[in-house]
Amino acid sequence: MKSRTIKYIVVHCTATVSTTAVSTIKNGWKARGWKNPGYHRLIDAQGKAHLLAPYAQVVNGAKGYNQSGIHIAYIGGVVRSMDNRKLVPADTRTLAQRETLNTFLRELHQLYPKAKIVGHRDLSPDLNGDGIIQPGEWTKMCPCYDVKREFKG
Ligand SMILES: [Zn+2]
């Protein structure tokens, strides 16, 4: 496997409800015809980390930031609206997810001290602001919390 230079450690949410199974998320990628997973690590609501790809492998985390990035995600990032008709972005991280996520970020920071730790949305700011929440826009909210503010070394 070709070695690569890691410039970004990118945190994602899956933009699904937090109870979504790992297999469901993987099947979604397959349905899109992806050969690689969307993330290297996927953290479920119980805080368990699922290892989807070695860091040396390129994954489909964020266009333009795959070759240079490591992508980790927590399952969640949306809740059902009161009328149950749509999914609304939200920071749904459980305490266990936060702990696992922060452990990974600390480890990755040691492994790749020069890499920037960012949220997906930090890579693609939303400038259109039309106020309608569509699947394509969840990416812009992803991971639904301020990674840079929360992770301070
Ligand atoms: Zn994302």
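General remarks:
- Probe 1.4 Å, all protein chains present, accessible-area order of MET82, MET141, largest first: MET82, MET141
- Sparse-neighbourhood loop sites, trypsin sites (Lys or Arg not before Pro) in segment 1-31 - DSSP loop, at most 13 other Cβ within 10 angstrom: LYS2
- Between 0 and 90°, nearest 10: helix 22-31 axis offset from the chain longest Cα axis: 90
- Per residue of the chain, the DSSP helices (runs of n ≥ 4 H) give a summed -39500 (n - 2.57) that works out to -7500 deg cm²/dmol at 222 nm.
- Segment 8-150, accessible surface, carbon-and-sulfur percent (1.4 angstrom probe): 53
- Linear extension gain, HIS50 paired with ASN102, 0.36 nm per residue minus alpha-carbon span: 17.2 nm
- Anisotropy class assigned to segment 24-66 is oblate, per the alpha carbon gyration tensor with a/c at or over the 1.5 cut-off and a/b no larger than b/c.
- Taking a ≥ b ≥ c as the square roots of the eigenvalues of the alpha carbon gyration tensor, the chain is rounded, as a/c is under 1.5.
- Between helix 95-111 and the chain: long-axis angle, C-alpha atoms, 0 to 90°, nearest 10: 30
- Length gained on full extension, ARG85 to LYS30: 17.2 nm, using 0.36 nm per residue less the C-alpha separation.
The values are calculated or read from the model by the stated rules, or taken from the named source; none is laboratory data. What you are looking at is a predicted structure, and each value in this text was computed from that prediction instead of being measured. Note that each Cβ is placed from the backbone with ideal geometry, even for glycine, and that neighbours are counted across all protein chains shown. Accessible surface is based on the protein model in full, side chains and every heavy atom, while ligands, DNA and RNA are left aside. Shrake-Rupley method; radii C 1.70, N 1.55, O 1.52, S 1.80 Å.
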